[in-house]
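Okay, so here's the structure we're looking at.
The values are calculated or read from the model by the stated rules, or taken from the named source; none is laboratory data. Quantities reported herein were computed from a predicted structural model and do not represent experimental measurements. Don't worry about glycine lacking a Cβ; one is built from the backbone with ideal geometry, like all the others, and counts go over all protein chains shown. These area figures cover heavy atoms from the full protein model, side chains too; ligands, DNA and RNA do not enter into them. Shrake-Rupley method; radii C 1.70, N 1.55, O 1.52, S 1.80 Å.
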Amino acid sequence: MIRNARGRGTAGIVAAGLLLAALPAVSERTYVLTLGYQLLLWTTLAVSWNLFSGFANYPSFGHGMFFGIGVYTTSTMLTATSLPYGVAFLASFAVAGGVAVLLGLALFRSTRFRGDLFGLVTLVLAFVVATVVSNTSLLDGGTGVFVRAAAEGTLLDNSPARLYLTVLALATLTVVIAYLIATGRWGLGLTAIRDDEEVAESSGVNTYRVKVLTFGLSAGLAGLVGSPHAVFLGYVEVGSVFPLSIPLFVLMMAILGGTTTWFGPIIGAVLVTAAQQALIGQGQAEVSQIIIGMLLVVLILVCPNGLGGLLRRRPREEVTS
Amino acid sequence: MSPMQVAVLQTIVSGALLGTLFGTIALGVTVKWGLLGIADFFHVSLTLFGAYVTYSLVSVAGLHPLATLLVTVPSFFLLGMALQWIFVRLEVKLFTSLLVTFGLFVVAESVITLLWSADTLTLRPVLPEWLTAPVALPWPLQQVRVLPPDLLALVAAIVLIGTTTWALRATRLGRGLHAMHQDPGIAEVFGVRLTRTAVLVAGFAAGTAAVAGMVVALKMPLSPHLPLHWLGVVVVSSLLGGLGRPLGALIAAVFLMIVQNLWALFYSPSWAPVIAFSFLLLYLVLQPLLTGRGLRSLGGAA
Amino acid sequence: MSLLRCEGVTKYFGGLRALDGVDLVVDPGEIVGLVGPNGSGKTTLMNAISGTFGINAGRVEFDGTDVTGMRPHQRAHLGIARTFQIPKPLPSLSVIDNVALAYTFGRDQVPMGRARQLAGDLLAELELAGKALAPVAHLNLHERKLLGIARALGLEPRLLLLDEVLAGLNPTEVDLGLAMITAVRDRGVAVIYIEHNVKAVTSISDRLYVLNRGTNLVDGNPRDVVADERVVAAYLGDAHADPA
Ligand SMILES: Nc1ncnc2c1ncn2[C@@H]1O[C@H](COP(=O)(O)OP(=O)(O)O)[C@@H](O)[C@H]1O
Ligand SMILES: [Mg+2]
């Protein structure tokens, strides 16, 4: 028996993950597994973004970049070295998280870097990283990287079921982390930072450390899920790994679902991904891109505090400022 | 002059002229961001949209390139006003505006691809000779050649940025805008009509995008992902020049493009896009040490 | 040995000299009143002591440690706690979590469950228990100020900085507040008490400092200080609207 509430909550999330693990046994159709993969991938991205950017209200446009760093770390290690996949997997976390920690160490020295300025710097950095990747022949060099052959015989082995299970495990891990943070001491500190950093600091919160570490964790998880995605893509190229639509969708999913809770971004990710898949099923990809994008834009305009805020009709409480 | 010197001079001049185009695009961004509190990425897409419309009007409808302005400027003006009116109505905050216009930016690429295809389109074959033949600069730069659309970019920048800078300082609307930026409540007491001012300014900004779009259509081949390459330079020059100060943005854009072109001449051109960003990062790190006013309005974030 | 020692504290805001070589000493367990006309630098001195910003010259020493270069949370861990002139409750947190925050991130880093327990006890003492689970939006000014004090006490401080905590309250609330400050002092916590209302602060202070235009004007026994003609002059020169 697990006695405390957080233990029970964690067990519940893990149980839900185990339940979803039965999917490959139910259906082996690639279409079903790929749909599940997409849902879980976006869930992981939105929930991990929210850990820092939502809880502490530091909206970052760089989550797609950290995800891409994870993709390229894995593609490079699989093709250029003979190390086992597990090493590439962990390295994806370490490199993406490491970049974020370095960035955080530099940016969070001054509290100027919040709001639109933090968003901009992270966006700018995403451009820089994409340029570096496309100009470095070890990583890509502008030609793209074939990962499929290198992934053969590894843990993932290009199998849809294994890819699905890997991303499921990562989604579960990310949600558990978000849940534990949101319901614990660390989350209290992040919420205090969100509300008023000066008060947080004078109440004993080492805001610098909390921000740097949480940003690193958030980015690391995005990099981690980038690792199986390199194998999923099979062929990795800058244009499809670093598009602006990834950070855009992640932000909108989290904001629509609600950034103050651990589960809000799950709702946002599932709704948006489902809508996207349904539209893509209708035919022209370009048209569905436009419809989903406009839908998100209108929703954000109408309810900048998320769908929850719309339903509850609470008197204005700023989510983003 | 030695060939090398000519090449360097040529690079500097074309860089500076390209900078004036980006300065014109940045005009709308810096005014809206600095004075209306709207971080408008979509403005960059609107410029390309203007370029495509110009393309169609010239190549399909057979209009004179300059005559297209009679169509594009008023319609863009209305579009800009309508968008701003929605923003005012919904009391959109700075960060929400950033997110929304970023979303529109991403959507716009798909819309343009859908309407005009992803292929590169160019007006060059249908343009009259006086718009395509290189002209030599007067002494002492007689060895340097420039293209007429580049001179058009220069003229557009001087006219638009000159007028705007003057209007912000000297007209009732300009002073009202500054007052509104400082304190909307007080501005209203002194008779500034907030919604009307904001909507007019946004309409004007969109109108400048139409002009810049016309220059773009004459100057370069069009493809839907161009805004992605412009965004960095435009945003960085707006920030470096000091938000709300078009002349500052123009100077920054000219400087950035000269440096970027020189870099491309001597080193690998593929690294050139990083130049603008490096300057921004450098500036952001050094800015607290300088007493510059550049990012003043960003400090607290709305 | 004194608990807090400020020497020559100087702070500029651009060209404005908000503090110009201010000295201040607080001994353990005493209430030190800090008064002065509006804009004389009282809040700025409090910010310099709590570490909100760096100072341009001078030094701040707490319990024998030089804390001049330390960040606010480090000073909070050493035992310096503060309130804000305009109360700043954290709106996303319930009343009890506003206080639990200080316990769990304070010197002892108490685990969450225990921190909430301690916070509940403290709120009960301050007669805020009824609102413990309410959102802070439901608090009135008096309760917001009390919450600010509770959050500061949650750090289990040795020095408490109070910035005009009684301004804007009615006479009954002021009397209750003064009694509470005295009770805090009686537990062994030293207090620097900034107040615009000189009468209130004189009644409970062990010693009184007067600042004027960012410098020390007079300090000493409260009764002697308020009778000092320089103090009278500074106040009359400042605002005849508020003779206090
Ligand atoms: N953050 C700040 N930036 C600029 N000036 C400030 C700041 N804080 C205080 N000041 C100025 O410093 C002087 C002292 O202010 P303050 O310490 O708040 O006075 P008091 O609390 O005694 O009324 C005032 O002139 C005030 O305007
Ligand atoms: Mg004060």
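Based on C-alpha pairs under 8 angstrom that are at least 6 apart in sequence, region A:126-209 has a relative contact order of 10 percent.
Entry note, chain C: relative contact order of 27 percent, from Cα contacts under 8 Å with a spacing of 6+ residues.
In chain B, if the dipole is taken from +1 on Lys/Arg beta carbons and -1 on Asp/Glu beta carbons about the Cα centre, which of B:179, B:233, B:67 is farthest to the positive end? The one lying farthest along the dipole's positive direction is B:179.
Projecting label points 7 angstrom from Cα along Cα→Cβ for residue A:278 and residue A:94 puts them 4.4 nm apart.
Classify the protein assembly as shown as rounded, prolate or oblate, taking a ≥ b ≥ c as the square roots of the eigenvalues of its Cα gyration tensor: rounded when a/c is under 1.5, otherwise prolate if a/b is larger than b/c and oblate if not.
Note, shape of the protein assembly as shown comes out oblate.
Of the residues C:124, C:89, C:103, the one whose Cα sits farthest towards the positive end of the charge dipole of region C:82-151 is C:89 (charges of +1 on Lys and Arg Cβ, -1 on Asp and Glu Cβ, taken about the Cα centre). Surface composition of region B:3-299: carbon and sulfur make up 70 percent of the accessible area, probe 1.4 Å. Per-residue mean of foreign Cβ neighbours for A:100-112 is 2 (Cβ atoms of other chains, 10 Å radius).
Is the C-alpha gyration tensor of region C:118-201 telling us rounded, prolate or oblate? Criteria: a/c under 1.5 is rounded; beyond that, a/b larger than b/c is prolate, otherwise oblate. Walk me through the numbers before you get to the answer.
Values: a/c = 1.88, a/b = 1.19, b/c = 1.58.
Oblate is the answer for region C:118-201, as a/c is 1.5 or above yet b/c matches or exceeds a/b.
Roughly how much accessible area, to the nearest 100 Å², goes out of reach of solvent when B and A pair up, both sides summed, probe 1.4 Å? For chain B against chain A, roughly 3700 Å² becomes buried.
Averaged across B:113-122, how many Cβ atoms of other chains sit within 10 Å of each residue's Cβ atom? Mind showing how you got there, number by number?
Working: counts 3, 5, 0, 0, 0, 1, 0, 0, 0, 0.
Average neighbour count from other chains, rounded to a whole number: 1.
Basic side chains Lys and Arg get +1 at the Cβ, acidic Asp and Glu get -1 at the Cβ, and with that the dipole of region C:82-151 about its Cα centre reaches some 240 debye.
Sort A:157, C:97 by accessible area with a 1.4 Å probe, largest first.
Working: A:157 60, C:97 20 Å².
The most accessible residue leads, giving A:157, C:97.
Of the residues B:232, B:50, B:191, the one that moves most in a GNM of chain B with alpha-carbon contacts below 10 Å is B:191.
The modelled label-to-label distance between residue B:278 and residue A:148, using points 7 Å beyond Cα along the C-beta direction, is 3.8 nm.
Under the definition of partner shielding as Cβ atoms of other protein chains within 10 Å of a residue Cβ, what is the mean value for peptide C:78-84? Working shown, then result.
Numbers: counts 0, 0, 1, 3, 3, 1, 4.
For peptide C:78-84, the averaged partner shielding equals 2.
Within chain C, antiparallel bridges make up roughly 55 percent of the DSSP beta bridges whose residues both belong there.
Relative contact order of region B:3-299: 37 percent, from C-alpha pairs under 8 Å at least 6 residues apart in sequence.
Along the Cα-to-Cβ line of residue B:122, 7 Å from the Cα, sits a label point; which residues in region B:205-237 have backbone N less than 13 Å from it? What the label zone holds, given the 13 Å backbone N cut-off, is B:218-223. Taking both sides together, the accessible area buried where A meets C is about 2000 Å² for a 1.4 Å probe. Taking 20 Å as the cut-off, the amide N atoms of region C:160-181 that come nearer than this to a point 7 Å along the Cα-to-beta-carbon line of residue C:197 belong to C:161-181.
Out of all DSSP beta bridges with both ends in the protein assembly as shown, state the antiparallel percent to the nearest 5. Before the final figure, lay out the partial values.
Details: 25 of 41 bridges.
Rounded to the nearest five, the antiparallel share is 60 percent.
Counting only protein heavy atoms, what percent of the accessible surface of region C:136-244 is carbon or sulfur at a 1.4 Å probe?
Working: 2630 of 4920 Å².
About 54 percent, which is the carbon plus sulfur part of the accessible surface.
Modelled spin labels at residue C:137 and residue A:29, positioned 7 Å past Cα toward Cβ, are 4.6 nm from each other. For region C:56-76, a drop of 30 Å² or more in accessible area on going from the chain alone to the assembled protein chains (1.4 Å probe) is found at C:71, C:72, C:73. Heavy-atom accessible surface of residue C:172, to the nearest 10 Å², is about 90 Å², with a 1.4 Å probe and all protein chains retained.
For the residue pairs B:93/C:145; B:32/B:219; B:93/B:219; C:11/C:145; B:93/C:88; B:32/C:145, the alpha carbons lie more than 32 Å apart in B:93/B:219; B:32/C:145.
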